[in-house]
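Notes to accompany the following structure.
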Amino acid sequence: MYSKRILAGIDVGGSHMSFALVDTLGGTVVNEGVRDIKMDAGGSISSLLDAWKSLFDDLFTFENHRAIKGVGVSMPGPFDYCNGIAQISGVQKFDAIFGLNLKQSLLQMLEGRVTDVVFENDATCFALGEYYAGAAKGSKRTLVVTLGTGFGTTFLIDGKAQTEAGEAIPPNGYLYNVPFAASIADDYFSTRWFVSRWKEKTGGKIVSGVQEIAALAGQGDASALSIFEEFAENLSEFIFPWLKKFNPDMWVLGGNIARASSLFIEPLKNKLRKLGHHVPLITSCALWDKAPIIGAAIHADKTIKCKEEKEYRKTTQFLAPPKAAPTSPGRYDIYPAFPLGCGKICEGNSALAAWIAQQQTAVIDGYEGVLWNKLVDDLSAAPALKGKKVRWFHVSAAMKPAAEIAQMIAPFMGASDSIFGKITDATLADWFYADKLRQMQPDAEADINVLVGCGAALAEWNAPLAYVDLPKNELQFRMRAGAATNLGADAVADDRDMYKRAFFVDWPVLNAHKRTLLPAINLIIDGQRPGNYLMMPGDDLRAGLAAMSRNFFRVRPWFEPGVWGGTWMKEHIDGLNEEAPNLAWSFELMTLENGLLFESDGYRLEASFDFLMYHDHKAVLGDCAERFRYDFPVRFDFLDTFDGGNLSVQCHPRPAYIKEEFGMPFTQDETYYILNCRQDAVVYLGFQEGINPSAFHQALTESERHAKEIDVTRYVQKHPAKKHDFFLIPNGTIHASGKDNLVLEISSAPYIFTFKMYDWLRLDIDGRPRPLNVEHGMKNVYFERKGDAVKEELISKPRVLSDDSACTVTHLPTHLNHFYDVHRYTLKTEINVETNGKCHVWMLVEGASVLLETAQGMKQRFNYAETFVIPAAAGSYTLINESDEPALLVKAFVK
């Protein structure tokens, strides 16, 4: 004996819906049996949803309705089954609901009476019904074929539908569109073929369908018998290669044609044997019309059971809190914020839902990685939308198939075994079908219409625009957890591959889209805390960006462990996760991946740094704005190797190489400023005088192939490192930080174009080999940077520019190839600084804190090791040392 577990199963057809209550433990339809309800598939949204309402009204009169755990829906495609979004278009069936979140509409209709509504493909549901409770029960490898108005196929392995294309599996498991004879399979293994063939053989006689032909064959009609014989011939010829490759132990036939299987199964078997292949058990289905209903219910049951709250981020970094307070003087602040004044930021789902309710029609666009289903679920449950007819449309329904998108972006993805690609020139519109974007329209009979998703604004609804932004670090954490994937991808990939695609394709495309939207955004939403969103009006965002571009800013830093990572940051920066294995990087000012925090009433809303540059890059950059446009040119970050290991021996690409190979406008010229170090710390920099390029290349190649250790100092110089030393690393220079350093890396903005040439034979922190780039490195490294010239040209020689009782200004000359320069200020009291049309990037490298006062009257404290930026448009500003001891600051700026 067993306890029943009841779910509703629904099979959606073109003219009606069949439904029943299913005991999913027993795989049976319970007492009330199967019922039908008529539906006009070509009707309006309201008429279609009215049919669903009638179905549920009937369903909840069933004797066991109070026991219903959930609803499973067998639905024809195309359809986004995972998210419940209609994608059928151009077939005069269900066109009205194109892009509609049908799942959310049904859940609203059900008003909490079930746990969930789960959708699956109708052919798959049929197959699952037969697998769990019908003819395929106990089969390991099953081919289920439905022969009716169309030709449907499902490949099952241990009851799981196989959709990933491979040698034995067609794309999505579909065979209907595979070429056969003069057309495709669907034209030969469907009812219309039988009807057409009968007319050809009988001189135009009309029949109602396959069953009439079968009845005539049963009476010995020669034409009817020959048609079934020909059908078996065609089917055996077509299916033979797939049987050979997939090797099922059972082949189940369903659909209306299968009801006449006695007329063609034996000929089919005989023809397959003649083709020389083991014939699996071929049988007609057992459940017939009940199969998709039972399969949908059982699939829903299993999905609901497995749908425990999954981790949506994988990282050791804490999620930024919605509220925070500034740290005390001298203590590094990991949540720095720009003040906006009171009453600018709102918190919570209710506030966002209330905004939507006021608009009646709204568009919510956003970045990749936003958890759109969670957002819709949260808002649907909010009081402001309760009891209203809300239609949620998803722009993803208009997106091109993942395979087509992958083919489109392939030229920008580089070699499959490389971490490098090339920056795309595509636009977000290239991801979508323009006609399907136009097809997605509000429902005039609804109370509220909302279009959501990445690229939603492309549909050009005449409606207020909200934008959900997501910090790049949180996006990467979601990708690592499998909760997010690339733009237009249908599956989570290896995290390195996802990052490559994001960097070279997704981010350039989405950032350009964001730039066009910025002037029109009515509401900006911080999407990093699902279920607790922060938001503020677009006018306040733009006002904040304007104030920031004329005063100061500090981006929110984020921290990452690494194979060579150290302990200094964990021990000296408050609020970091002490359970992290180490910390290798702090992204102090890596603007492509940093966000900006805005503060109001203690709330801290984060928006990506791109917004600032798109709002007014000229105010930020000043005299170099035309050169760099929206690309902030300077990068500050920490490399922490205290108690860690050496960085890889590496170099960076020459300017022409990075532009030609990777599409980057400028290259990765770096410097190492030693913020702190232990006594025996070193930096590897430049070649030994007697370097032999061929011998070096051979040593690297043999090491990579055979895991052979290299004596690096035989080829590369090793220099002692002391606090406040400044090492110069122009492109093409061989280099590496040794262990026990805290390096402030002052660099041009590019940061992933590191050609690792030797990495000490170690695995990455995740246990996988770290990719080496020996050949890239050999094409870019300058072997002439060797011997005594290294100390003369690549270790900066400080020179005092000015000295008085308030401040000493020292020039730390950079290399001729560096487009930026560095000054160090020894601040004793206070100093007034003119920007002179230049953007200044600062860090306090010794001392407790300094106070900034801008010409516009704003004041802000900056603490030890914090990076801050004064835009060119600030004009002049004052820095005040808040300690009795001198404070040391470094300032970087474009030459």
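The values are calculated or read from the model by the stated rules, or taken from the named source; none is laboratory data. Just so it is clear, the model here is predicted, and its values are computed rather than measured. Using ideal geometry, Cβ is built from the backbone for each residue, glycine included, and neighbour counts are taken over all protein chains shown. We work out accessible area using only protein heavy atoms, side chains counted, and drop any ligands, DNA or RNA first. Shrake-Rupley method; radii C 1.70, N 1.55, O 1.52, S 1.80 Å.
Being touching a strand residue (DSSP E or B) at 6+ places or on another chain (Cβ under 8 Å), open to solvent by 20 Å² or more (accessible area, probe 1.4 Å) and either on the phi > 0 side of the Ramachandran plot or touching a residue at least 24 places away in the same chain (Cβ under 8 Å) (or both) is a property that Pro537 has. For segment 254-265, the set of residues classified as in contact with a helix residue (DSSP H, G or I) (Cβ under 8 Å, 6 or more places away or on another chain), part of a loop (DSSP other than H, G, I, E, B) and either under 23 Å from Gly27 (Cβ atoms) or not aromatic (Phe, Trp, Tyr) (or both) consists of Asn256 only.
Evaluated against (1) closer than 19 Å to Ser284 by Cα; (2) surrounded by 15 or more Cβ atoms within 10 Å (Cβ to Cβ); (3) small (Gly, Ala, Ser), Gly138 falls short on exactly one condition, (2).
Here's the yes/no breakdown for (1) under 20 Å from Val144 (Cα atoms); (2) assigned to a loop (DSSP other than H, G, I, E, B); (3) modelled with pLDDT of 95 or more:
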residue	(1), (2), (3)
Ile227	no, no, yes
Glu233	yes, no, yes
Phe238	yes, no, yes
Val252	yes, no, yes
Pro267	yes, no, no
Arg273	yes, no, no
Gly276	no, yes, no
Thr283	yes, no, no
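Number of residues in segment 408-421 that are open to solvent by 60 Å² or more (accessible area, probe 1.4 Å) and farther than 18 Å from Gly488 by Cα: the value is 2. Would segment 693-706 turn up any residue that is charged (D, E, K, R) and either over 26 Å from Asp417 (Cβ atoms) or in contact with a Ser or Thr (Cβ under 8 Å, 6 or more places away or on another chain) (or both)? No, the conditions are met nowhere in segment 693-706.
Going through segment 563-580 one residue at a time, which ones are open to solvent by 40 Å² or more (accessible area, probe 1.4 Å) and either modelled with pLDDT under 95 or farther than 19 Å from Asp766 by Cα (or both)? Answer for segment 563-580, where residues must be open to solvent by 40 Å² or more (accessible area, probe 1.4 Å) and either modelled with pLDDT under 95 or farther than 19 Å from Asp766 by Cα (or both): Lys570, Glu571, His572, Asp574, Gly575, Glu578, Glu579. Look at segment 16-50 and say how many of its residues are among the hydrophobic types (A, V, I, L, M, F, W, C) and surrounded by fewer than 19 Cβ atoms within 10 Å (Cβ to Cβ). Final tally of qualifying residues: 4.
Residues of segment 200-212 that are surrounded by 13 or more Cβ atoms within 10 Å (Cβ to Cβ) and free of Cβ contacts under 8 Å to residues at least 40 places away in the same chain: Lys201, Thr202, Val207, Glu212.
If the condition is being over 16 Å from Arg678 (Cα atoms) and assigned to a strand (DSSP E or B), then segment 562-585 contributes Leu583, Trp585.
Inside segment 149-159, residues that are in contact (Cβ under 8 Å) with a residue 40 or more places away in the chain and either closer than 12 Å to Gly295 by Cβ or in contact with a strand residue (DSSP E or B) (Cβ under 8 Å, 6 or more places away or on another chain) (or both) make up a count of 2.
In segment 550-579, the residues that are in contact (Cβ under 8 Å) with a residue 24 or more places away in the chain and under 23 Å from Leu851 (Cα atoms) form Cβ pairs under 6 Å with partners that are of a type in the set (Gly, Ala, Ser) and open to solvent by 20 Å² or more (accessible area, probe 1.4 Å), at six or more places apart or across chains, as follows: Arg550/Ala873. Could you list, in sequence order, the residues of segment 30-54 that are in contact with an Asp or Glu (Cβ under 8 Å, 6 or more places away or on another chain) and assigned to a strand (DSSP E or B)? Residues satisfying the conditions are Arg35, Ile37. Given the criteria among the aliphatic types (A, V, I, L, M), touching a Ser or Thr at 6+ places or on another chain (Cβ under 9 Å) and open to solvent by less than 10 Å² (accessible area, probe 1.4 Å), does Ala123 qualify? Taking the combined requirement at face value, the residue does not satisfy it. Can you pull out the residues in segment 869-878 that are under 21 Å from Ala806 (Cα atoms) and buried (at least 24 other Cβ atoms within 10 Å of the Cβ)? Listed by number, the list holds a single entry, Ile870. Does any residue of segment 824-835 turn out to be in a loop (DSSP other than H, G, I, E, B) and either among the β-branched types (Val, Ile, Thr) or surrounded by 18 or more Cβ atoms within 10 Å (Cβ to Cβ) (or both)? Yes; the residues of segment 824-835 include at least one that is in a loop (DSSP other than H, G, I, E, B) and either among the β-branched types (Val, Ile, Thr) or surrounded by 18 or more Cβ atoms within 10 Å (Cβ to Cβ) (or both).
Listed here are the residues, each with its yes/no results for (1) hydroxyl-bearing (Ser, Thr, Tyr); (2) open to solvent by 30 Å² or more (accessible area, probe 1.4 Å); (3) under 40 Å from the mean Cα position of the chain (by Cα).
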{"residue": "Phe180", "(1), (2), (3)": "no, no, yes"}
{"residue": "Ile184", "(1), (2), (3)": "no, yes, yes"}
{"residue": "Ser190", "(1), (2), (3)": "yes, no, yes"}
{"residue": "Glu233", "(1), (2), (3)": "no, yes, no"}
{"residue": "Ser236", "(1), (2), (3)": "yes, no, no"}
{"residue": "Phe246", "(1), (2), (3)": "no, no, yes"}
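Does Tyr176 satisfy the criteria of being among the aromatic types (Phe, Trp, Tyr), open to solvent by 30 Å² or more (accessible area, probe 1.4 Å) and in contact with a strand residue (DSSP E or B) (Cβ under 7 Å, 6 or more places away or on another chain)? In short, yes. Residues that are within 31 Å of the chain's Cα centre (by Cα) and either among the charged types (D, E, K, R) or crowded, with 20+ Cβ neighbours inside 10 Å (or both) within segment 316-331 comprise Ala320, Lys323, listed in sequence order.
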